[in-house]
1. Across the range 34-45, in residue order, what do the Karplus-derived ³J(HN,Hα) couplings come to in whole Hz, using 6.51 cos²θ - 1.76 cosθ + 1.60 with θ = phi - 60° and x for Gly and Pro?
2. Assuming 0.36 nm per residue, please report the length gained on full extension of the stretch Asp55 to Glu42 beyond their Cα-Cα distance.
3. Taking only DSSP H segments of four or more residues, each worth -39500 (n - 2.57), what value at 222 nm results for the chain once the sum is divided by all its residues, to the nearest 500 deg cm²/dmol?
4. For the chain, report the accessible area per residue in Å² (1.4 Å probe, heavy atoms, rounded to an integer).
5. Starting from the Cα-Cα distance between Met121 and Ala152, subtract it from 0.36 nm times their residue separation and give me the gain in nm to one decimal.
6. Apply the a/c threshold of 1.5 to the C-alpha gyration tensor of the range 32-92 and tell me whether it is rounded, prolate or oblate.
7. Within the chain, what's the longest stretch lacking GluC sites (Glu not before Pro) that sit in DSSP loops with no more than 16 other Cβ atoms inside 10 Å?
8. Of the accessible area of the range 77-171, with the probe set at 1.4 angstrom, what percent is carbon plus sulfur?
Amino acid sequence: MINAGNIEQAVSVLQRIPRESADPLLQTRLQQLRAQILIHEEQPEKALALLTVNDTLPVTVRAFTHELRARAYLLSGNYLESARERIVLEPLLLNAEKIDLNREQIWESLRQLSPIFLQQMTMEPAPDILSGWMNLVKISKTLTDSTEAFAASIAQWKASYPQHPATGKIL
C-alpha cells in the first residue's frame, strides 16, 4: 500500500493493529511501516525516532531498518549519517545488484558534502570504509583541473584502501 502511494489506506490499516504485541519481529515491522509513512510524509525526524536496530532479528528485517534510516537521514539533509547507515547496511545485503545500488547511494550522499566538510570529517586511520568514501569524493571534487594530479591521487587512494568497496563499480 505504501509503495503504491495509498498512504491513507496504510495508516487506516496500521491504526487497527494492536500496538501491545510481545513479538519483537511484529513490533519492528509495525515500526518500519509507520516510519515508511512518516518518510513519505516528509517527517524524517519522527521516522528516525521509531527506527531502532534489534540485532536479534532476521538479517532482512535489520537491513530494511538501516535502509529506512538511510532514507530518513537523506531526507533530513544529513548526508553523512545517511552514508554511515548505508555502510552498516552493506554487509546485510544479499545480492550484488542491491550492493551496487547501495554503493552508488553512498557515493551520491557524500557528493552532497563540501570539500571543506569532507576534509574536516575524514576519519583516521585508513583504511576505514567511511574515510575511504570521503577521501574518494574529496579527490573527485577538488582535483578536477589536473588529470595528472587526479590520477596520482586515485593511485594513492587505491594504495591506502586496497579492499575498499568503491574499487568495483564506482572506480
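The values are calculated or read from the model by the stated rules, or taken from the named source; none is laboratory data. Here the structure is a predicted model, which means the values were calculated and not measured. Cβ placement follows ideal geometry from the backbone for every residue including glycine, while neighbour counts extend to all protein chains displayed. We work out accessible area using only protein heavy atoms, side chains counted, and drop any ligands, DNA or RNA first. Shrake-Rupley method; radii C 1.70, N 1.55, O 1.52, S 1.80 Å.
1. Those phi angles translate into 4, 5, 4, 4, 5, 5, 4, 8, 6, 10, x, 5 Hz.
2. Values: separation 13, 0.36 × 13 = 4.68 nm, distance 2.71 nm.
Taking Asp55 through Glu42 to full extension adds about 2.0 nm, to one decimal.
3. On the way: 9 runs with 113 residues, N = 171.
Helices in the chain give a 222 nm mean residue ellipticity of -21000 deg cm²/dmol.
4. Numbers: 9800 Å² over 171 residues.
Accessible surface, normalised per residue, equals 57 Å².
5. On the way: separation 31, 0.36 × 31 = 11.16 nm, distance 2.24 nm.
Roughly 8.9 nm would be gained on extension.
6. Values: a/c = 2.32, a/b = 1.27, b/c = 1.82.
Oblate, since a/c reaches 1.5 and b/c is not below a/b.
7. 43-171
8. Working: 2850 of 5310 Å².
Looking at the range 77-171 in its full context, I get 54 percent from C and S.
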